[in-house]
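Trainee: I'd like to ask some things about the structure below.
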Amino acid sequence: MDYFLLILYVAMNSSQFIFSSLYNRRQKNADPYLCTLLIGATVLAFYAVYGQFRFEYDDTTLLYGLLFGGAYCVGYIFQIKALKVGSVSLTSLLLSYSLIVPILFGVIYYHDSVGVPFWIGLGLLVVALFLVNFNPADKTASAADKKNKILWLIFALLSFCGNAACVICATMQQKLTGGGHRFEFMTYAMALVIVVNLVLTLINNKKTRTALPSLKRGWWCAVILGLLNGATNLCYMILAAGNTIPVAFLNSFNSAGSLLLTFLLARFIFKEKLRPLQLVGFLIGVVSVVLFTL
């Protein structure tokens, strides 16, 4: 049963990139704030049902829940923006490196130790990032292509920071509360996500008038994303609490499996093709991500 959950966890993790990209492709100038608003509402409903609507106030959970919610907004909004102007495969690769920040935070704050594989993975990361971004044809690329590449990198890095902060906040809350108040934690976080993105949606809609078309054409993508996000987090908590599968194997299998499955889905659904150097860089990146989790 645990290994079935592991495979399901990987599949749901990868699928989130596909549905984020589908939301963008449903219409021109799809509203990323509306999408994040719907995701937050769906995740909140998911955890309300899971927590059986039992609520207990806790100061620590409130603080870290709000911090998580702010980081979640940054992570998801800019993930959607990055997928609008960049490749699904390369975006998922760059965002997977966000796990480096919580690892380094653990080394500094919790005095965790890292082994030789981590430093080898860090070296391979540099090589992978160079290969996926290096393109001799950039000298003759159009101004629009160059702008999109810069925007993709900025958006992906911002999403990277948001994802990393989410992991740190969730880890600290679970450590400080002894693994408790999960429903309350997500309630505070998603309430902030809903409020912030409702305001951003209203402001953005005054300028672009994209909220209603985005809602009509992409609401189901956002709802599915919310269900996938909620279920993915729940699967991880169940697997981590069960102790049947070693955490190192769990993280390694998820890292490599999610990246490879995302690559295959993007190739099959969106007909994405990577240049030879990008493909080599992507595969090196998969290896480096696995090494970070050992």
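The values are calculated or read from the model by the stated rules, or taken from the named source; none is laboratory data. Note that the structure is a prediction, hence the values are computed from the model and not measured. So basically every Cβ, Gly included, is an ideal-geometry build from the backbone, and we count neighbours across all protein chains shown. Heads up: the accessible areas ignore ligands, DNA and RNA and are worked out on the full protein's heavy atoms, side chains in. Shrake-Rupley method; radii C 1.70, N 1.55, O 1.52, S 1.80 Å.
Trainee: Which is at pLDDT 90 or above and either buried (at least 16 other Cβ atoms within 10 Å of the Cβ) or over 19 Å from the mean Cα position of the chain (by Cα) (or both), of Phe155, Phe134, Phe185?
Mentor: Result of the check over Phe155, Phe134, Phe185: Phe155.
Trainee: Looking only at the range 28-46, filter to residues that are crowded, with 21+ Cβ neighbours inside 10 Å and not hydrophobic (A, V, I, L, M, F, W, C); which one of those is nearest to Trp152 (Cα to Cα)?
Mentor: So the residue we want is Pro32.
Trainee: What pairs can you find where one residue is in the range 182-207 and closer than 10 Å to Gly65 by Cα and acidic (Asp, Glu), the other is surrounded by 22 or more Cβ atoms within 10 Å (Cβ to Cβ) and modelled with pLDDT under 95, and their Cβ atoms are less than 6 Å apart, with a gap of 6+ or different chains?
Mentor: Sorted first by the residue in the range 182-207, then by its partner, the pairs are Glu184/Thr61.
Trainee: Out of all the residues in the range 63-74, is one or more closer than 23 Å to Leu227 by Cβ, of a type outside the set (D, E, K, R) and at pLDDT below 90?
Mentor: There is no residue in the range 63-74 that is closer than 23 Å to Leu227 by Cβ, of a type outside the set (D, E, K, R) and at pLDDT below 90.
Trainee: In this structure, does Gly226 turn out to be small (Gly, Ala, Ser) and at pLDDT 90 or above?
Mentor: Taking the combined requirement at face value, the residue satisfies it.
Trainee: Moving on. Inspect the range 61-82 for any residue being part of a helix (DSSP H, G or I), within 22 Å of Phe282 (Cα to Cα), out of contact with any Pro (no Cβ under 9 Å at 6 or more places or on another chain) and open to solvent by less than 20 Å² (accessible area, probe 1.4 Å) and give the result as yes or no.
Mentor: Checking the range 61-82: at least one residue is part of a helix (DSSP H, G or I), within 22 Å of Phe282 (Cα to Cα), out of contact with any Pro (no Cβ under 9 Å at 6 or more places or on another chain) and open to solvent by less than 20 Å² (accessible area, probe 1.4 Å).
Trainee: Checking the conditions here, which among Asn229, Asn251 is open to solvent by less than 40 Å² (accessible area, probe 1.4 Å), part of a helix (DSSP H, G or I) and of a type outside the set (Ser, Thr, Tyr)?
Mentor: Criteria check complete, one pass: Asn229.
Trainee: Keeping to the range 160-178, report how many residues are open to solvent by less than 30 Å² (accessible area, probe 1.4 Å) and more than 15 Å from the chain's Cα centre (by Cα).
Mentor: Within the range 160-178, residues that are open to solvent by less than 30 Å² (accessible area, probe 1.4 Å) and more than 15 Å from the chain's Cα centre (by Cα) number 2.
Trainee: Output the number of the condition that Ile269 fails; it satisfies all remaining conditions of (1) farther than 29 Å from Asp112 by Cα; (2) surrounded by 15 or more Cβ atoms within 10 Å (Cβ to Cβ); (3) not charged (D, E, K, R).
Mentor: All conditions pass for Ile269, except number (2).
Trainee: Among the residues of the range 43-59, is any in contact (Cβ under 8 Å) with a residue 12 or more places away in the chain and within 17 Å of Ile168 (Cβ to Cβ)?
Mentor: No, the conditions are met nowhere in the range 43-59.
Trainee: Then there's this: Suppose we filter the range 83-94 for residues that are open to solvent by 20 Å² or more (accessible area, probe 1.4 Å) and of a type outside the set (Gly, Ala, Ser); how many remain?
Mentor: Matching residues across the range 83-94 total 2.
Trainee: Among the residues of the range 200-220, are any modelled with pLDDT of 90 or more, small (Gly, Ala, Ser) and under 20 Å from the mean Cα position of the chain (by Cα)?
Mentor: Scanning the range 200-220 turns up no residue that is modelled with pLDDT of 90 or more, small (Gly, Ala, Ser) and under 20 Å from the mean Cα position of the chain (by Cα).
Trainee: Can you name the number of the only condition in (1) within 16 Å of the chain's Cα centre (by Cα); (2) open to solvent by less than 20 Å² (accessible area, probe 1.4 Å) that Phe17 fails?
Mentor: Result: Phe17 passes all but (2).
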